[in-house]
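The values are calculated or read from the model by the stated rules, or taken from the named source; none is laboratory data. Quantities reported herein were computed from a predicted structural model and do not represent experimental measurements. Reconstructed Cβ throughout: ideal geometry from the backbone, glycine too, with neighbour counts over all protein chains shown. Ligands, DNA and RNA are stripped out before the accessible areas are found, and what is left, the full protein with its side chains, is counted by its heavy atoms. Shrake-Rupley method; radii C 1.70, N 1.55, O 1.52, S 1.80 Å.
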Amino acid sequence: MKQSYEKIFHSRAKPYDEAMRRFPHARDEEFKQLIDRVVLKPGMVVADVPAGGEYLKHYLPDECQLLCHEPCAGFSESQTLHTPTPSLLPLPWSDSTVDVAMSLAGVHHMDDKRPLFRELYRTVKAGGYFILSDVARNSDVAIFLDDYVGKFNSTGHEGNYLDDATLTELKETGWTIESTENSHFHWKFSTLLEIPEFCNMLFDISKPDTHSSVDEIESFLPIDKLQDGKYGLRWQLMTVVAKKL
């Protein structure tokens, strides 16, 4: 039986957060492609949901106010901006108080995304934005997550990934789609062996006698030697910019 976001990360939040703290710059390009979708001005209120360990705060301009919402307390060692609540919805913010809402790599754990989209629409100001960036259906990353991670991690993995139906759901909940892009980038590491180390923690690859190797990961996702001497695991997300008119 497929599990909810809350159930999955009540189990997996701690190793996920450990991976993000041990390799704080591995996903720099992923976060930067998210925030680069909109011009962030001083004084803007930016909401992040689900927020995990509040990783987005490291990429925002200092002049912005970040609101985080995350139901899973396992991220608590990194959480400073909020207190976890038992469930993702409803969102704890008043109507029309957010300038830009962002959601990175979390909603593919939700079968029905419309309640979240409606709540975000409620909290965002007229003229404000929702930036959604997550795994696209049938992409190499989706196959890696379901076929490899799902086989060897502690909770399984069966994603409900972004596609044209997601765009329809956004429109049904009031949003106007401004752009949609398949964003390609790298997760970056100093050595090849850091790649499976990071993936083992981030995805909680923890079944007995299982430990990811470079070869196993590269059979799904290419690894490039980059000009700066680092190694890049190819990653891709579908990034949608939606506006509240």
Calculate what fraction, in whole %, of the accessible area of the chain sits on carbon and sulfur atoms when a 1.4 Å probe is rolled over the protein chains. 49 percent
Rounded if a/c under 1.5, otherwise prolate or oblate - the stretch 107-206, Cα gyration tensor axes: prolate
Using only alpha carbon pairs under 8 Å that are at least six residues apart, calculate the relative contact order of the chain and give it in whole percent. 23 percent
Evaluate the stretch 1-90: find the radius of gyration of its Cα atoms, find its Kirkwood radius, and give the ratio Rg to Rh. 0.98
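Per residue, how much accessible area does the chain show when a 1.4 Å probe rolls over the protein heavy atoms, in square angstrom? Could the numbers behind the result be given before it?
Working: 11000 Å² over 245 residues.
Value returned for the chain: 45 Å² of accessible area per residue.
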Have a look at 34, 19, 46 and report the one farthest towards the positive end of the charge dipole of the stretch 1-48, computed about the Cα centre with Cβ charges (Lys/Arg +1, Asp/Glu -1). 19
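To the nearest 500 deg cm²/dmol, what mean residue ellipticity at 222 nm is calculated for the chain from DSSP H runs of n ≥ 4 alone, each contributing -39,500 (n - 2.57), summed and divided by the residues?
Working: 7 runs with 63 residues, N = 245.
Computed ellipticity for the chain at 222 nm equals -7500 deg cm²/dmol.
Quick one: of the DSSP bridges fully inside the chain, what percent are antiparallel, nearest 5?
Working: 23 of 37 bridges.
Of all bridge pairs located within the chain, approximately 60 percent are antiparallel.
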With all protein chains present, calculate the accessible area of residue 94 using a 1.4 Å probe and round the result to the nearest 10 Å². 80 Å²
